[in-house]
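These notes are about the structure you will find just below.
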Amino acid sequence: MDQDDVVWFTEFTANYMVRFDPKTEEFTPYELPTAREQCRFIYVDPFNRVWYENNGNSAIGVVIHD
């Protein structure tokens with residue numbers, strides 16, 4: 001969960017990060033930019049940026065939601 005109580009999760013094999021807002025009950029998918037990222041873990045920093053590891057390509061990425 002981020003600082004706004006929004007839930008974030010990954011669709012490991014579908015290559016998506018998903019944002020779920022419990023207040024509006026809305027799901028927002030974010031397609032990850034690199035094929036086969038295989039993201040397992042998500043970290044939210046104090047600025048509400050959602051960082052993830054790109055397990056399939058040995059890199060990291062970030063989702064910045066307005």
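Every read-out reported here was derived from the displayed coordinates using simple, explicitly stated rules and does not represent laboratory data. All of these numbers come straight from a predicted model, not from anything done at the bench. When we count neighbours, we look across all protein chains shown, and the Cβ atoms used for this are built from the backbone with ideal geometry, even at glycine.
Odds and ends about this structure:
- Two-decimal Rg to Rh for the chain - Kirkwood Rh, Cα set: 0.95
- Virtual paramagnetic centre 7 Å along Cα→Cβ of N48, amide N under 11 Å, in region 1-36: 2-6
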